[in-house]
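Reading through the structure tokens given below for one structure.
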Amino acid sequence: MELEISGRWAIVCAASKGLGLACARALAKEGVNLVINARGNENLLAAAVELRSLAPSIEVRTVAGDVSELAVREKMVMACPQVDILINNAGGPPPGDFRDWQRDDWLKALDANMLTPIELIKACVDGMAERGFGRIVNITSGAVKAPIDVLGLSNGARSGLTGFIAGLARQSRLAGNNVTINNLLPGPFETERLHKTLTAAAEANGASVEQISKQRRENVPAQRFGQPDEFGAYCAFICSAHAGFLTGQNLLLDGGSFPGTF
Ligand code: NAP
């Protein structure tokens with residue numbers, strides 16, 4: 001299927017690895033020009049080289065830095081001639097027990113996983129509406145639908161974002177001007193982050209990473225972890241010209257893990 005977004009410009013946050021990079025790859029293959037971001041410059045530059053080799057006709061610009069910093073977000077927006085597509089992403093907050101968290105831990109999580117995407121949306125969305133095309137995808141987590149107790153900071157901050165987006169996406173000023181905003185909720189995808197989570201679980205349970213990994217895979221009806229490129233392909237479709245009627249949704253990609261009917 002031709003996605004009809006060739007020549008458009010996208011900002012993809014937190015995109016030197018994992019799900020962010022997979023979204024950037026899928027957009028690059030569709031001929032979308034990219035501004036990509038991550039904190040570590042070396043991996044970010046390597047990702048840009050890979051993306052340019054995948055799609056030699058596109059332009060790929062890099063902005064290194066923490067996406068939760070205003071100056072970094074401003075640089076990303078400045079580096080993008082016009083933001084047609086915005087993929088919001090950042091690292092997830094650490095696991096733990098809420099009894100140990102201080103106000104500062106909450107503020108960090110809220111900043112990275114709720115306020116940062118809202119600020120980027122604010123910077124881009126009215127221009128999208130004026131031009132009559134905009135696609136915003138927030139990478140959140142399956143934990144928004146089925147909370148994971150040790151990920152309380154993530155459950156809380158991402159649910160805040162989800163509630164806000166539910167209202168914003170339905171503004172007729174946006175939806176009526178072909179600007180869509182959706183959340184993509186990953187279940188377990190094979191990335192560095194998943195590997196770290198599995199290693200921590202193995203240490204906590206005195207088991208090997210292979211044992212924990214096998215157990216987790218067997219809990220997924222698909223009997224496997226998701227591949228980042230599957231996530232990227234879905235994201236690219238949501239950003240396509242054909243997805244203008246799809247907005248305000250929480251789209252779960254979890255191999256059937258969530259046990260509910262809806
Ligand atoms: P990953 O493999 O660890 O990759 C994270 C990427 O984000 C890296 O490029 C990293 O580069 C960048 N990054 C992290 N914090 C950043 C920040 N503050 N500013 C800019 N860039 C930042 O992680 P992932 O698995 O792709 O996860 C992406 C998001 O999906 C996370 O929020 C995660 O919690 C969520 N998620 C993932 C899964 C899963 O199974 N993979 C499941 C549910 C939810 P630098 O470190 O160089 O900045």
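The values are calculated or read from the model by the stated rules, or taken from the named source; none is laboratory data. Quick caveat: nothing in here was measured; it's all calculated off a predicted structure. Reconstructed Cβ throughout: ideal geometry from the backbone, glycine too, with neighbour counts over all protein chains shown.
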Would you be able to tell me the number of residues in the range 165-224 that are touching a residue at least 40 places away in the same chain (Cβ under 8 Å) and more than 12 Å from the ligand (Cβ to nearest atom)? 15
In the range 146-156, the residues that are more than 10 Å from the ligand (Cβ to nearest atom) and closer than 18 Å to Asn88 by Cβ: Leu153, Asn155, Gly156
Which one of the conditions (1) surrounded by fewer than 22 Cβ atoms within 10 Å (Cβ to Cβ); (2) more than 9 Å from the ligand (Cβ to nearest atom); (3) at pLDDT 95 or above does Met1 fail to meet, given that it meets all the rest? (3)
Number of the exception - Ala10 against (1) within 12 Å of the ligand (Cβ to nearest atom); (2) surrounded by 23 or more Cβ atoms within 10 Å (Cβ to Cβ): (1)
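Can you tell me which residue among Arg131, Arg193 is basic (Lys, Arg), surrounded by fewer than 22 Cβ atoms within 10 Å (Cβ to Cβ) and out of contact with any helix residue (DSSP H, G or I) (no Cβ under 8 Å at 6 or more places or on another chain)?
The unique qualifying residue is Arg131.
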Please work out if Leu115 is among the hydrophobic types (A, V, I, L, M, F, W, C) and part of a helix (DSSP H, G or I). yes
